[in-house]
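Down below is the structure, laid out as structure tokens.
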Amino acid sequence: MRRWPSGLVLIVAMICAALFVQAQEAPQNTAPYSSNTQLCLDCHSLETPGIVQDWMHSRHARISPATALEQPVNQRRISAARVPDELENTAVGCYECHGLRADQHPDSVEHFGLRISSIVTPTDCAVCHPLELEQYAKSKMGNAWGNLAKNSLFTALVNTIDSPKRLREGELQQLTATDQTKAENCFACHGTKVTFTGTVAVQTDYGEQLRPQYVGWPSNGVGRINPDGSMGSCSSCHPRHGFSIEIARKPHTCGQCHLEPDVPAYNVYLESKHGNIYSSLKQDYDFDAVPWTVGRDFRAPTCAVCHASALQTPEGTLVVERTHDFGSRLWVRIFGLIYAHPQPVLGDTSKIRNADGLSLPTTFDNRPASGFLINEQTADQRQAQMQSLCSLCHGTTHVAGHFARLENTIAETDQMVATATGLMVHAWELGLADKTNPFDEALEIKWISQWLFYASSVRYASAMSGPDYAGFKNGWWYLSKNLREMDKQIKCSETKAK
Amino acid sequence: MRRWPSGLVLIVAMICAALFVQAQEAPQNTAPYSSNTQLCLDCHSLETPGIVQDWMHSRHARISPATALEQPVNQRRISAARVPDELENTAVGCYECHGLRADQHPDSVEHFGLRISSIVTPTDCAVCHPLELEQYAKSKMGNAWGNLAKNSLFTALVNTIDSPKRLREGELQQLTATDQTKAENCFACHGTKVTFTGTVAVQTDYGEQLRPQYVGWPSNGVGRINPDGSMGSCSSCHPRHGFSIEIARKPHTCGQCHLEPDVPAYNVYLESKHGNIYSSLKQDYDFDAVPWTVGRDFRAPTCAVCHASALQTPEGTLVVERTHDFGSRLWVRIFGLIYAHPQPVLGDTSKIRNADGLSLPTTFDNRPASGFLINEQTADQRQAQMQSLCSLCHGTTHVAGHFARLENTIAETDQMVATATGLMVHAWELGLADKTNPFDEALEIKWISQWLFYASSVRYASAMSGPDYAGFKNGWWYLSKNLREMDKQIKCSETKAK
Amino acid sequence: MRRWPSGLVLIVAMICAALFVQAQEAPQNTAPYSSNTQLCLDCHSLETPGIVQDWMHSRHARISPATALEQPVNQRRISAARVPDELENTAVGCYECHGLRADQHPDSVEHFGLRISSIVTPTDCAVCHPLELEQYAKSKMGNAWGNLAKNSLFTALVNTIDSPKRLREGELQQLTATDQTKAENCFACHGTKVTFTGTVAVQTDYGEQLRPQYVGWPSNGVGRINPDGSMGSCSSCHPRHGFSIEIARKPHTCGQCHLEPDVPAYNVYLESKHGNIYSSLKQDYDFDAVPWTVGRDFRAPTCAVCHASALQTPEGTLVVERTHDFGSRLWVRIFGLIYAHPQPVLGDTSKIRNADGLSLPTTFDNRPASGFLINEQTADQRQAQMQSLCSLCHGTTHVAGHFARLENTIAETDQMVATATGLMVHAWELGLADKTNPFDEALEIKWISQWLFYASSVRYASAMSGPDYAGFKNGWWYLSKNLREMDKQIKCSETKAK
């Protein structure tokens, strides 16, 4: 029997041990870079090292689409059945995305012999991830730009808030809100309309280069309108250039926009027992597993668990499919509007018309724009599905009690808004406020706060069990206080008017 | 000399290295499951996989009480000297808790041949953890339901905040606050009274099953009144079914209820240097060690360090015993009431009577209900104990200076409240507000804010060194602003009344 | 060929594997303790075990200055070219710092045969870290005590906020703000003036000991005035006794003072995409590397990346030098004052005089105190440097768009403040408010909020891309609401006055 020298054995054993340790953190695979991507990297690893490094940490940099397609379907992060031949066997690198569909990008430019576009759009991503775009395009988030910009009431609210004001002869005068300010404020989350305005030549260390110019850029909002006409920005939740599923699954991502005072989902979550467990044990969660296994990969849900991810039991039974239409598991819409109401049928809510002809899902006295909202049967199906997710951890009595409270809360908060609206209408009728712009006066601002902040807060607190947001944090404390103050202010003005 | 083949050596070495790495994360022990628990798991690992997995991560799932009792006393997480024979040698599984004391649970039901109760109560936990219940039952937290529900003034405040309001002939009308809303708001932290109302039969995949029905369920509040008459919910801080000491020791747990604006302990902590160090270095803390070693297991305190945990020095000297009466290391009570005051003697504060006959620890002009509050000697002892904890890291001059400031702050915030109370009493006397309900009018709401939010915030900021809560975050900025606004509002009403 | 016994090989391989794993967490070096430090440790490891353990985790405890000086210059954490002989070859222990320059510390005391001072000051730290002190002494943070205490306007504001108020004959009366309250509030961040008042003898287990006594202690504020006359407290950001670069680089440290509502840098950061990535991936960052490598050691910037740390590319090119003058990379100052303005030339801003003779960088109608502020050329240089940092990850079009928006935002928020100031001046002129103290009345408090909170918030939101702070969180929503309420309040008072 031939024997290895023991000294060699020792060395090999040590190397193996070292490799074993390393392997736990190592990339699972390494795909070759395309020659065009290698060209990009030659300069950009020096010029923009941050994003190159970020990409190198990504799955895109390590796994070719061909390898991704070898995975069982339910473990894939890629929804295309196959991808174009030229993308198949290399890492998904700079050129694979920025060089894609160059002729369909009005803003693509010649760049060292390659035609590239700066702004990669969902349509580009959909070459490998078509199902995600299909779902997203139907969602309210995908339509978020138009849902604000194409609704005249919301536009009036935005302009009232975001506009500079000046004094002219003792009177406050509202100027025009600039696109720049709107882009940093409401449209930072909703997304801007990015318009390509041409190229300029700039001098660089590498000679003269063409740079595309835009109005509305930068923007990372979820409903961004891209120069190629597509809607959305995948990097809102999968920030470039890591495009990570881990980040998208962590609540901090959703929390960039879904936060107090108007949409306090993130805050309520963090305060809830689910959030408590996440904050305490997240270091032991596996945020990268697909599908996501209940109880094993995570101990309490994050936003993505309930609203987005594909879930399976530890035995491997699929519980719910992944969706990128993030409202599609919900039956009721509890924020952003005067009253809670059934989820809209379409993601494009600017098409809704209520009985008064306004683009609102209810009238001021809470009659729903029924044709535009999901019917009771669909609502029930969705609620049943959500309850089945709750039931992965909670008993049926617990779940039933929780949902009964939410229903009661929706009714009571709607009543508190109706009372405030009654006071507001009374003030408008008496001429104590001017309805021409229903959003600008001190009393009107209180009325808006009642539904946009306080009623919304209580409903989120109920839906996701974060009690302070039902109480002292924009909750019942404020719902009640605000009514008393509106009442006092109106009575005070009435007295004076007499 | 006989020699092993070197190839085998290599393989064994690699396996050993692998095991070494694995061992660092492995469970310390594995106790057998009882046959009844195994029956539960057979279905529930499919039906409620989340909680089964959560339990499998727990110490309960791995260590039998007998093994736990082999630990040196100061390292035990179990305070019973011994446990019933039938519990001794198995994991603490589904049946061990849900099947315990079934005859003393009015809500226990027959479930596949076993009698089980859904709601495991502190009395069940006390079979192995009796000292914890004994301490907890004496605490204000254990009595939190009654401390709110059995105090008529607090009940009036709760009903004023939590009730729907409607307009009737131009006047705001306060309706009755529902149990459901109260359960989501004030009583979400304080705990509800859970009443068993009977069983219903439901059809399941496994045939007809009985399900207990409750009023007040779900509830996870610290002072929950359970169907068996016991008080409290251990899973408030040790969430089911992991029952982890790690979670209970992390500030996010306390922060679910002890947070701004009324009890900003969590917020002040996070803003403090202690919180800064926790946020920065927590990944290097050992949150599972019992007892907890100062400086080695943690670098700066969390809530539990100062208020609950058993601490030892690195040399193994016990510094302070564990307590589940979380106020018992405190001498002064700085939140929730009009003035700061010595800690109540009893956890049941509804028994307090002040000189005016009200269930309040002071009168409106700050005379203490002395017989119901700890005396100076006890206060001094507790303060000295807390200072000895501070002194594990801080010099005596530092500690003395810190405590002197706190004393000054308590006096000054009490003065700011007394001034607001003076304004309020003045308004009541003039008829500018109606004292019948002292909590509902706009001016009264400002007065409440002065003590419930602003004075409380400044005191926490002082006690735990989070300066913004002494200033711009519900602190002196608001204490001063609120007085000016109350004064202006009263003067304005006086003018009009003339 | 001589062979090792295979059994031995196995054991050695296992040990090596074990050591390999351990090595990843092990200290890099261990310096001997000086005999004096060992004396300290003999008692203090029992008396103050928390700080002894904290120090044992520190680099100071492991690396001697001599070893530190063997590092390549750009990897050093030490800026002295050499250190005094007696410090060179031991760990930087208790005595090395507390025994340093004892004759120059008025508060040093005899302590078991050694002369030590309790309060180690920046001048002590500068023995090894002179460049850091040199930079810090020029910074606004180093001068933070005087920038508040030596500016009469700010002093008036502090006293107005922090003072107890009482009722006398129906009128609110402002008492004197105590040093203790100011130390817990404004001066907790700015730093107190710490004055040595003598020693007292106390009885301890080790016999009678002298303890230094101070006014203004404890204090950890950034501009603390120390008993030796030096300014600052290194442990504000490198908390004692770990003195870690990791903590200083984490945003929680900056966030202790730079937080909403007045300086919402931390809050805006956490809400931004940078903060989102930090919150999601920080566990994979290397917070200890010097210099800090873009994209490899961190994936998105923390505060320190942009404002303080030495950065290099993955190829090792230095991008920017480390600075401890944390405003020195900034061109515009966007908080704390009525209008945004170019950065002051000197860290000591109390020397600024505007055209009206006040210590403010602009007049009330926004004319800059030009001689005291950096000129346009310097501002452009600094902005260009910051843009070069952005360009490590972002394209030039993105960066240009971002900075153009910030410029627009500064102009618009200044206008919103100018409008509020116009209303305020109008009220002062009409006698509706009394300018004697411009900070105490209800209307004046609204005016302060306009610039101190709301305008500041919008600018931070723009500068660091956290949109909610541009909108509903102290942003445009409040800028607009506040103007309407000021206007209403003035008109209401005017009516009444007629």
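The values are calculated or read from the model by the stated rules, or taken from the named source; none is laboratory data. Because the structure is predicted, anything quoted here is derived from the model rather than measured. In this analysis, Cβ positions are derived from the backbone assuming ideal geometry, glycine residues included, and neighbour counts consider all displayed protein chains. To get the accessible areas, we keep the full protein, side chains included, count just its heavy atoms, and leave off ligands, DNA and RNA. Shrake-Rupley method; radii C 1.70, N 1.55, O 1.52, S 1.80 Å.
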Run C:N29 past the list (1) open to solvent by 70 Å² or more (accessible area, probe 1.4 Å); (2) at pLDDT below 95 and report the number of the one that doesn't hold.
(1)
Could you list all residues from the stretch A:446-476 that are touching a Leu at 6+ places or on another chain (Cβ under 9 Å) and either over 19 Å from A:L337 (Cβ atoms) or among the aromatic types (F, W, Y) (or both)?
A:W447, A:W451, A:Y454, A:G466, A:D468, A:F472, A:K473
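Run down A:V12, A:V52, A:V109 and say which single residue is touching a helix residue (DSSP H, G or I) at 6+ places or on another chain (Cβ under 7 Å), of a type in the set (V, I, T) and modelled with pLDDT of 95 or more.
Unique residue meeting the criteria: A:V52.
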Within the stretch C:322-330, is there a residue that is in contact (Cβ under 8 Å) with a residue 12 or more places away in the chain, open to solvent by less than 20 Å² (accessible area, probe 1.4 Å), of a type outside the set (G, A, S) and closer than 25 Å to C:W451 by Cα?
yes
Positions within the stretch A:122-154 being among the aliphatic types (A, V, I, L, M), surrounded by fewer than 21 Cβ atoms within 10 Å (Cβ to Cβ) and over 30 Å from A:Y33 (Cα atoms), in sequence order
A:A137, A:L153
Would you check which residues across the stretch A:181-210 are open to solvent by 10 Å² or more (accessible area, probe 1.4 Å) and under 12 Å from A:I119 (Cα atoms) and list them?
A:T195, A:F196
Check whether at least one residue in the stretch C:347-367 is within 26 Å of C:T302 (Cα to Cα) and open to solvent by 20 Å² or more (accessible area, probe 1.4 Å), and report yes or no.
no
Given the conditions (1) at positive phi; (2) at pLDDT 95 or above, and given that C:E169 satisfies all but one, which numbered condition is not satisfied?
(2)
Checking A:V21 against (1) out of contact with any helix residue (DSSP H, G or I) (no Cβ under 7 Å at 6 or more places or on another chain); (2) modelled with pLDDT under 95; (3) open to solvent by less than 80 Å² (accessible area, probe 1.4 Å), the condition it does not meet
(1)
Can you pull out the residues in the stretch C:368-416 that are under 30 Å from C:W292 (Cα atoms), part of a helix (DSSP H, G or I), within 14 Å of another protein chain (Cβ to nearest Cβ) and more than 26 Å from the chain's Cα centre (by Cα)?
C:T396, C:T397, C:H398, C:V399, C:A400, C:G401, C:A404, C:R405
Output for the stretch C:469-498, where each listed residue is part of a helix (DSSP H, G or I) and farther than 21 Å from A:D440 by Cβ:
C:Y469, C:K496, C:A497
Residue among A:A427, A:A433 that is buried (at least 20 other Cβ atoms within 10 Å of the Cβ), modelled with pLDDT of 95 or more and not in a helix (DSSP H, G or I):
A:A433
The stretch C:423-447 residues that are away from chain B (no Cβ under 14 Å), paired with ones that are of a type outside the set (S, T, N, Q) and in a loop (DSSP other than H, G, I, E, B) (beta carbon under 6 Å, 6 or more apart)
C:W428/C:K435
Residue pairs meeting the criteria (Cβ under 7 Å; at least 6 apart or on separate chains; first farther than 25 Å from C:R62 by Cα and touching a residue at least 60 places away in the same chain (Cβ under 8 Å), in the stretch C:89-117; second of a type in the set (S, T, Y) and open to solvent by 30 Å² or more (accessible area, probe 1.4 Å)):
C:D107/C:S118; C:V109/C:T199
Given the conditions (1) within 27 Å of A:G93 (Cβ to Cβ); (2) within 23 Å of the chain's Cα centre (by Cα); (3) among the small types (G, A, S), every one holds for A:G255 apart from (1)
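Does the stretch C:79-102 include one or more residues that are part of a helix (DSSP H, G or I), at pLDDT below 95, more than 21 Å from the chain's Cα centre (by Cα) and surrounded by fewer than 22 Cβ atoms within 10 Å (Cβ to Cβ)?
Yes, the stretch C:79-102 contains at least one residue that is part of a helix (DSSP H, G or I), at pLDDT below 95, more than 21 Å from the chain's Cα centre (by Cα) and surrounded by fewer than 22 Cβ atoms within 10 Å (Cβ to Cβ).
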Within the stretch A:298-321, can one find any residue that is open to solvent by 30 Å² or more (accessible area, probe 1.4 Å), touching a residue at least 24 places away in the same chain (Cβ under 8 Å) and part of a loop (DSSP other than H, G, I, E, B)?
no
C:S58: passes all of (1) touching a helix residue (DSSP H, G or I) at 6+ places or on another chain (Cβ under 8 Å); (2) polar (S, T, N, Q); (3) open to solvent by less than 20 Å² (accessible area, probe 1.4 Å); (4) within 12 Å of chain B (Cβ to nearest Cβ) but (1)
Which of the following residues is out of contact with any helix residue (DSSP H, G or I) (no Cβ under 6 Å at 6 or more places or on another chain), more than 11 Å from chain A (Cβ to nearest Cβ) and at pLDDT 95 or above: C:H307, C:H252, C:H241?
C:H307
Restricting the search to the stretch A:448-498, which residues are among the polar types (S, T, N, Q), more than 7 Å from chain B (Cβ to nearest Cβ) and either closer than 22 Å to B:A433 by Cα or open to solvent by 10 Å² or more (accessible area, probe 1.4 Å) (or both)?
A:S465, A:N474, A:N482, A:Q489, A:S493
Which helices (runs of 4 or more DSSP H) does the stretch C:145-213 wholly contain that include 2 or more residues that are facing chain B (nearest Cβ under 10 Å), more than 21 Å from the chain's Cα centre (by Cα) and over 26 Å from C:D228 (Cβ atoms)?
C:152-162
Which condition from (1) part of a loop (DSSP other than H, G, I, E, B); (2) within 18 Å of C:H398 (Cα to Cα); (3) open to solvent by 30 Å² or more (accessible area, probe 1.4 Å); (4) of a type in the set (V, I, T) is the one that A:I119 breaks?
(3)
Tally the residues that are out of contact with any helix residue (DSSP H, G or I) (no Cβ under 8 Å at 6 or more places or on another chain) and not hydrophobic (A, V, I, L, M, F, W, C), restricting the search to the stretch B:130-152.
6
